Amino acid sequence: MFAFIIRRLLQIIPVIIGVTIATFFLTWLIPGDPTNVLLGPGASEESRERLRDSLGLDQSLVTQYLIYMGNLLTGDLGQSISFSSPVSEVLFRRMGNTALLAGAAIFVASVAGIAAGTWAALRPGSFRDRGLTIVVLFLNSMPSFWLGLVLILIFGLHLRVLPVSGMPDPQSGLLTLLAHMALPTITLAAWSLAAIARMTRSAVLEVINNDYVRTARSRGVSEARIVLFHALPNAIPAVLTVIGIQMGFLFSGAVLTETVFSWPGVGLAMFQAISSRDIPLIQGGILMLALIFVLINLIVDVLYVYFNPKIRLN
Amino acid sequence: MTGKTQMTHPAQPVEPILSVDGLSVSYGSARQPLNVVKDVSFDVAPGQVLGIVGESGSGKSQTVLAVLQLLAEGGRISGGQVRFEGAELQSLSQRRMRKVRGQGIALISQDALSSLNPSMKIGRQMAEPLIAYDGLSASAARKRCTELLDLVGIPAPAHRLESYPHELSGGMRQRVLIAMAISRNPRVLIADEPTTALDVTIQAQIINLIDDLRKELGMALVLITHDLGVVAGIADRISVMYAGRIVETATTDQIFAASRHPYTRALLSSIPKPDQPRGERLKPIPGLPVDPREDVRGCAFNPRCTHALASCTESLPAMIAAEDDGQHLFRCPVDPFRLAEAEGPRARLQGNGGMS
Amino acid sequence: MTDFASTTEKDRARLLPVLRRSLGNTSFTIGFTLVSIVVLAAILADFIAPHDPNFANPVIRYTPPLTDGYLLGTDELGRDILSRLIYGARMALVVAIFPTIIALCIGGLLGLIAGYAGSIWDTVVMRYFDIMFAFPGILLALGISAAIGPGLNSMIIAMVVVTIPEFGRIIRGVVLGVREELFVEAAHVLGYSHTRILLRHVLPNVLGPALIYGTLQTGRNVILAASLSFLGLGTQPPTPDWGQMLSGGRTALATAGHVATIPGLAIVFLAVGFNLLGDGIRDLLDPRARRGGN
């Protein structure tokens, strides 16, 4: 088990390096003079020179990359133009808010998705099963920001039951926080819910008519026990993988959702960065979110092996 | 006509513990049904051993799965009755059926590797219904499971409770399945091809184990196999199935010495015998088994039968009783002497030809 | 996956039953219909759009739907939404289909090389894919688009870069599978050149999955492009673009919700169309893949 973890860690090192190379390349993609974009068009020639020096913009790509990596390792992600503060500061300050939303969303998506998928798998081909297929189809065909706007329209503006933007002060209490989180969480969770439900249905269907389930049935074990203790545990590993992948998508989906709901997280910061062409912030944000994604996938891989005795004991 | 009308014969006064009457099983839509079991009837007396013999695809597994209402998705009982201890089973709700399964009738499945939950320890799988439904405490269940594993001949039983299925050999897994089946003291034990996936050397052990347990616990046994040799030693009565129907039912002696259906005879003569002269070729049954999707008019064995009469293609032969024993039932109009003649002198000298 | 024989004239004679089967498949039919409606709207835009999509008339801004002459109302600049929707179909289709085709070619080529040549080529290509896959969802597309600068071209480039690994991985999988087949080994033994094997044996097997996943990805592209446009990275005003229309309607959500919600319905319409079409094609080509969901 331990050896497996070490091996996986070693495997992702080249990927991490590759990710840094990819984000580094974003600066290279900027047409024209990068200092225009990095400092804004009104910057003085002095500051441009200084920037060129510190980033090595006159030197070879490799040197530039090494400078970039060097900065990364010391936690320097550059200076954000729109926020006028270091990128790392902007990101870290907001990371918690995004994590809160993402955590709530994955929770909702997992619980609802697994429940719905299992429910449908127990009666394949029936109304409820086909209903689920249609719901999944629509959730997969919906832009999340549109869903968010529709939810705002219905629940916020017409029914007036839930707040539609922003994140409340910690002083306002848990209930207010949850109220503010409700709509953005649902919006963010929608796509993942569809993916998780679909995978759960598929995995449970594969397992529910297995021979060993039949053995349990033949001994008089109830359907409920069979689903809970025989079917689901064997279906979970596959579902877990999907959940892991979805977690990554949640962090990227947060850009859209936070924009729609004005939720002060990394996503909203990215949107503001895009509007003002704040490349360092965009770069830093992408790098951070990608690294988090890689880490999450690693954890999911480890959990998958842990829950699978056959693989583990081999 | 089924064998039901014969049941009032004084030779069998005991009420059967399991009684199947005209059972039919179908898959697929009502418009285009796939009939895998057609009008099957048999009885099992308490403590008796019934062997059901047939090729793969003959419907024998489907029959017993239907008895326990364990048919796969899309399958249903399309006709007939199943009676256990007098009560009808085929129309019971799943909830009521659960009371019968395991406690009244138990099933030993065919492939022990796929019949055990790969991610659950043996002990936990075995103990599950004992704890959940029979009211045993965890430690009492543990003790019972250890006893059961010991009973089926597994060494170091207490240790084995902590193993996963893939850590055991094929023979041991089958023993575990047997232990699980008898764990709730059923009155009827159904063993579906319990030795097919095992080495020949272990097959006899397993069959004997099942028979010993049956005698010790006073259970009736339904043993399903494609191998006549397997049932020869322990069955009281044998039913032979072909293409979803029972073609012959009789006592073991009658089957081996005086069977009345060409298919049974062909099965018997295809068994390699140790005293066979060298150079004499084996006698397989010509042709291929019937495709269950085809609904044939007349006798399904007809294309492969060497004695076929014209009437055999026209209509399905009715189930009739032998002249000398009302309990010997078969679906064939062919004269018994013609059957024996065709096989030559060896057939007429046939005694207990089966292997044990 | 499917086993296509090498294409011959026989296949052309099989067209009629294929058509019949396709129409019998619900997913395919509905999907095809939905997509066709959008395609027709795009082609016939000049004829069926009631107004000039770019004609701004601030006097009548935010007219609600079902008003005389403005079936779907007007947007924040007084432009007719229905006309913008119809013309917007052009952009929606271009931005969904184009990147798919380009990415399929490039990704397919990479996958072919990785799967067929194996060893070092495979490692290099897969490493590259792994790195690409480390960026979830729209992040990388977002970055590329923002770096190059907002506009249609940068959005397409971004989308292509992000979808190449998807196709590459799938094609590589198919190629790996086919490579194991006995008939390929037999071809080697018979002395067939690699090119011939690739063209006559590998390629036909790749076409099916390529079609299926290409269609499904096109559905995803509709949403991806809309998302990028919503963030301001796609086509710039005044070109009618559904994602942008959504973004424009945000401010007046409370008073004129239709401006934002209606373009979204169009996006869902087209995405559902491509998704069903892709599912339908997959059903037709390999019904077994459907069993048990997905």
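The values are calculated or read from the model by the stated rules, or taken from the named source; none is laboratory data. Please read all numbers here as calculations on a predicted model, not as lab measurements. Cβ coordinates were reconstructed from backbone atoms using ideal geometry, including for glycine residues, and neighbour counts include every protein chain displayed.
Listed values, structure above:
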{"read-out": "Unmet requirement for A:MET247, which otherwise passes all of (1) of a type outside the set (Ser, Thr, Tyr); (2) in contact with a Ser or Thr (Cβ under 9 Å, 6 or more places away or on another chain); (3) more than 11 Å from chain C (Cβ to nearest Cβ)", "value": "(3)"}
{"read-out": "In region C:33-56, the residues that are outside any helix (DSSP H, G or I), in contact (Cβ under 8 Å) with a residue 60 or more places away in the chain and within 16 Å of C:LEU93 (Cβ to Cβ)", "value": "C:PRO53"}
{"read-out": "Qualifying position, being of a type outside the set (Lys, Arg), surrounded by 24 or more Cβ atoms within 10 Å (Cβ to Cβ) and within 24 Å of B:GLN69 (Cα to Cα), among A:ALA189, A:ALA197, A:ALA216", "value": "A:ALA216"}
{"read-out": "Residues satisfying the stated conditions in region B:185-206, i.e. at pLDDT 90 or above and touching a Pro at 6+ places or on another chain (Cβ under 9 Å)", "value": "B:ARG187, B:VAL188"}
{"read-out": "Test result for C:LEU228, in contact (Cβ under 8 Å) with a residue 24 or more places away in the chain and away from chain A (no Cβ under 14 Å)", "value": "no"}
{"read-out": "Residues located in region B:181-209, provided they are within 11 Å of another protein chain (Cβ to nearest Cβ) and acidic (Asp, Glu)", "value": "B:ASP192"}
{"read-out": "Selected residue (only one of C:ILE102, C:ILE113, C:ILE164, C:ILE106 is in contact with a Lys or Arg (Cβ under 9 Å, 6 or more places away or on another chain), of a type in the set (Val, Ile, Thr), more than 11 Å from chain A (Cβ to nearest Cβ) and closer than 30 Å to C:HIS194 by Cβ)", "value": "C:ILE113"}
{"read-out": "One residue from B:LEU50, B:LEU23 being within 25 Å of B:LEU209 (Cα to Cα) and either away from chain A (no Cβ under 14 Å) or among the hydroxyl-bearing types (Ser, Thr, Tyr) (or both)", "value": "B:LEU50"}
{"read-out": "Scan of region A:115-157 for residues that are basic (Lys, Arg) and out of contact with any Phe, Trp or Tyr (no Cβ under 9 Å at 6 or more places or on another chain), ordered by number", "value": "A:ARG123, A:ARG130"}
{"read-out": "Candidates A:PHE271, A:PHE293 - the one that is within 14 Å of chain C (Cβ to nearest Cβ), touching a Pro at 6+ places or on another chain (Cβ under 8 Å), aromatic (Phe, Trp, Tyr) and assigned to a helix (DSSP H, G or I)", "value": "A:PHE293"}
{"read-out": "Region B:165-174 - residue that is within 14 Å of chain A (Cβ to nearest Cβ) and out of contact with any Leu (no Cβ under 7 Å at 6 or more places or on another chain) and, of those, surrounded by the most Cβ atoms within 10 Å (Cβ to Cβ)", "value": "B:LEU168"}
{"read-out": "Filter result (surrounded by fewer than 18 Cβ atoms within 10 Å (Cβ to Cβ), free of Cβ contacts under 8 Å to residues at least 40 places away in the same chain, aliphatic (A, V, I, L, M) and within 21 Å of B:THR225 (Cα to Cα)) within region B:261-315", "value": "B:LEU282, B:LEU288"}
{"read-out": "Test for A:THR176: is it among the hydroxyl-bearing types (Ser, Thr, Tyr), within 13 Å of chain C (Cβ to nearest Cβ) and either surrounded by fewer than 19 Cβ atoms within 10 Å (Cβ to Cβ) or part of a helix (DSSP H, G or I) (or both)", "value": "no"}
{"read-out": "A:PRO31 vs. criteria closer than 28 Å to C:PHE133 by Cβ, assigned to a loop (DSSP other than H, G, I, E, B) and not acidic (Asp, Glu)", "value": "yes"}
{"read-out": "Single residue of C:ARG172, C:ARG196 found to be away from chain A (no Cβ under 13 Å), buried (at least 21 other Cβ atoms within 10 Å of the Cβ) and more than 19 Å from the chain's Cα centre (by Cα)", "value": "C:ARG172"}
{"read-out": "Out of A:LEU151, A:LEU178, sole residue that is without any contact (Cβ under 8 Å) to a residue 12 or more places away in the chain, in the same structural domain as A:GLU223 (by TED's automatic domain parsing) and either under 25 Å from the mean Cα position of the chain (by Cα) or under 21 Å from A:ALA105 (Cβ atoms) (or both)", "value": "A:LEU178"}
{"read-out": "Some residue of region B:90-103 being closer than 30 Å to B:ASP39 by Cβ, more than 13 Å from chain A (Cβ to nearest Cβ) and in contact (Cβ under 8 Å) with a residue 40 or more places away in the chain", "value": "yes"}
{"read-out": "Some residue of region A:83-92 being closer than 30 Å to A:ILE196 by Cβ and either out of contact with any His (no Cβ under 8 Å at 6 or more places or on another chain) or assigned to a helix (DSSP H, G or I) (or both)", "value": "yes"}
{"read-out": "Some residue of region A:232-241 being in contact with a Ser or Thr (Cβ under 7 Å, 6 or more places away or on another chain), assigned to a helix (DSSP H, G or I), hydroxyl-bearing (Ser, Thr, Tyr) and within 14 Å of chain C (Cβ to nearest Cβ)", "value": "no"}
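A quick yes/no check of all residues on (1) touching a residue at least 12 places away in the same chain (Cβ under 8 Å); (2) within 19 Å of C:ILE223 (Cβ to Cβ):
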{"site": "C:PRO240", "(1), (2)": "yes, yes"}
{"site": "C:SER247", "(1), (2)": "yes, yes"}
{"site": "C:LEU253", "(1), (2)": "no, no"}
{"site": "C:LEU265", "(1), (2)": "no, yes"}
{"site": "C:LEU270", "(1), (2)": "yes, yes"}
{"site": "C:ASN275", "(1), (2)": "yes, yes"}
{"site": "C:GLY278", "(1), (2)": "yes, yes"}
{"site": "C:LEU285", "(1), (2)": "yes, no"}
